[in-house]
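Written out below as structure tokens is the structure these notes cover.
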Amino acid sequence: QVKSSGRGGLAVHDLRGADGAADRLRLLQELRTALAEDQFRLHFQPRVRLSDGSTTGVEALVRWQHPERGLLRPEAFIEVAEASGLIREIGAWVLDGAVAQAAVWNAAGAGAQVSVNISTRQLNDPDLVLLVTSALARHGVPAAQVVLEITETALMVDPDAALVTLRALAELGMQVAVDDFGTGYASLTYLQRFPVHELKIDRSFVARVVDSASDRAIVGACVHLARSLGLVSVAEGVETREQRDALVSLGCDLAQGYLFSPPRPPGPHP
Ligand code: C2E
Ligand code: MG
Ligand code: MG
Ligand code: MG
């Protein structure tokens, strides 16, 4: 194939495609090793109440301590993990680790809500509810202390199936946040029917909340929507005081971002 098309653009393109596949395969093998050799880590980022600056909880964010490439963020591996199905094992590890850390903080008298990200494939895994309940039981953590973050896009892949899962989680006392809100296409009808507790306003809107009137209007609309549905509004990716002040004036409830703290390895307090 490569020989017959000589030095034409097509051949180069084919080779690149093969290279990409080889890279993905290597990454997949390394991810299996990472699971077996315990190379994943959890970092935690606080979420604060905008009215008084108090920390109301933390979000667990997975990292990969790669033996050669250093500490990797999820963008370097989550997609391959999701496509291959390995996300089930990584996700189970994350859930157990986040709940275990909540138990450690509880024991130190510093209990806080811990939010955990759930991918599309995990949401559609029939074992999700069992996985969560067994992690809670194993570490003696109450269901109300865990928030599952599910992206708007993941919820809309199969909204009717998602509704069944969300109802089961809600019955157990679990809270659910709609992550990256505003970037997907959740219909208001579903939003109203889903038993969710939080709307996390996507970072892309927050980034422009000061300079762009239309982004400010979108953030304001999200805050109002959350309030009228009885949900908590959370702004993601707050980096500046000007952004924080704009969010305060728009009535947003909670915020997360580098202004308050980057994600960090777990300390003695959340
Ligand atoms: P997310 O759930 O929306 O998480 C927020 C992302 O924004 C995190 O990136 C966080 O480090 C970053 N961030 C926080 N504050 C700021 C800020 O002020 N400015 C900017 N520019 N960024 C900020 P991270 O940790 O790289 O995670 C990226 C995404 O990967 C997450 O987005 C989430 O969708 C996914 N992810 C992370 N951990 C897990 C996990 O354990 N399981 C699954 N399935 N997905 C995960
Ligand atoms: Mg999240
Ligand atoms: Mg998000
Ligand atoms: Mg995101």
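Within region 123-144, can you find the residues that are under 16 Å from the mean Cα position of the chain (by Cα) and more than 16 Å from ligand 4 (Cβ to nearest atom)?
Selection gives N124, L128, V132.
Every residue in region 60-71 that is more than 16 Å from ligand 4 (Cβ to nearest atom), within 30 Å of Q145 (Cα to Cα) and either open to solvent by 20 Å² or more (accessible area, probe 1.4 Å) or of a type in the set (S, T, N, Q) (or both), please.
Q65, L71
Quick one: how many residues across region 249-270 are at pLDDT 95 or above and surrounded by 13 or more Cβ atoms within 10 Å (Cβ to Cβ)?
13
Is there any pair with a first residue in region 133-148 that is more than 17 Å from A110 (Cα to Cα) and a second that is assigned to a helix (DSSP H, G or I) whose Cβ atoms are under 7 Å apart and which are 6 or more apart or on different chains, and what are they?
A135/L95; A135/D96; A135/V99; L136/V99; L136/A143; L148/L169
Can you work out which of the residues in region 191-203 that are more than 15 Å from S228 (Cα to Cα) and touching a Ser or Thr at 6+ places or on another chain (Cβ under 7 Å) is nearest to ligand 4 (Cβ to nearest atom)?
This residue is D202.
Quick check on region 217-235. Is at least one of its residues surrounded by 14 or more Cβ atoms within 10 Å (Cβ to Cβ), in a loop (DSSP other than H, G, I, E, B) and within 16 Å of ligand 3 (Cβ to nearest atom)?
Taking every residue of region 217-235 in turn, at least one turns out to be surrounded by 14 or more Cβ atoms within 10 Å (Cβ to Cβ), in a loop (DSSP other than H, G, I, E, B) and within 16 Å of ligand 3 (Cβ to nearest atom).
Would you confirm whether or not region 177-186 contains a residue that is among the hydroxyl-bearing types (S, T, Y), crowded, with 20+ Cβ neighbours inside 10 Å and touching a helix residue (DSSP H, G or I) at 6+ places or on another chain (Cβ under 8 Å)?
No; the residues of region 177-186 include none that is among the hydroxyl-bearing types (S, T, Y), crowded, with 20+ Cβ neighbours inside 10 Å and touching a helix residue (DSSP H, G or I) at 6+ places or on another chain (Cβ under 8 Å).
Could you say which residue among M174, M156 is open to solvent by 40 Å² or more (accessible area, probe 1.4 Å), of a type in the set (A, V, I, L, M) and either out of contact with any Pro (no Cβ under 6 Å at 6 or more places or on another chain) or within 16 Å of ligand 4 (Cβ to nearest atom) (or both)?
Of the residues listed, the single one that is open to solvent by 40 Å² or more (accessible area, probe 1.4 Å), of a type in the set (A, V, I, L, M) and either out of contact with any Pro (no Cβ under 6 Å at 6 or more places or on another chain) or within 16 Å of ligand 4 (Cβ to nearest atom) (or both) is M156.
Return the residues of region 22-68 that are basic (K, R) and at pLDDT 95 or above; say none if nothing qualifies.
Result: R32, R41, R47, R49, R63.
On the basis of being away from ligand 4 (no atom under 16 Å from the Cβ), open to solvent by 20 Å² or more (accessible area, probe 1.4 Å), in contact (Cβ under 8 Å) with a residue 40 or more places away in the chain and on the phi < 0 side of the Ramachandran plot, does L31 make the cut?
Considered against the rule, which asks whether it is away from ligand 4 (no atom under 16 Å from the Cβ), open to solvent by 20 Å² or more (accessible area, probe 1.4 Å), in contact (Cβ under 8 Å) with a residue 40 or more places away in the chain and on the phi < 0 side of the Ramachandran plot, L31 comes out as no.
Does A22 satisfy being of a type in the set (A, V, I, L, M) and buried (at least 18 other Cβ atoms within 10 Å of the Cβ)?
No.
Taking the condition touching a residue at least 24 places away in the same chain (Cβ under 8 Å) and away from ligand 3 (no atom under 16 Å from the Cβ), does I90 pass?
yes
May I ask you to list the residues in region 41-86 that are free of Cβ contacts under 8 Å to residues at least 12 places away in the same chain, of a type in the set (D, E) and not in a loop (DSSP other than H, G, I, E, B)?
Of everything in region 41-86, those that are free of Cβ contacts under 8 Å to residues at least 12 places away in the same chain, of a type in the set (D, E) and not in a loop (DSSP other than H, G, I, E, B) turn out to be E75, E79.
Here is a yes/no grid of residues against (1) part of a helix (DSSP H, G or I); (2) over 20 Å from W93 (Cα atoms); (3) modelled with pLDDT of 95 or more; (4) within 16 Å of ligand 2 (Cβ to nearest atom):
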{"position": "G109", "(1), (2), (3), (4)": "no, yes, no, no"}
{"position": "E149", "(1), (2), (3), (4)": "no, no, yes, yes"}
{"position": "A162", "(1), (2), (3), (4)": "yes, yes, yes, no"}
{"position": "R167", "(1), (2), (3), (4)": "yes, yes, yes, no"}
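The values are calculated or read from the model by the stated rules, or taken from the named source; none is laboratory data. It should be emphasised that the depicted structure is a prediction, and the values quoted were computed from it without experimental measurement. We place every Cβ from the backbone using ideal geometry, glycine too, and count neighbours over all the protein chains shown. In case anyone asks, the SASA skips ligands and DNA or RNA and just uses the protein heavy atoms, side chains included. Shrake-Rupley method; radii C 1.70, N 1.55, O 1.52, S 1.80 Å.
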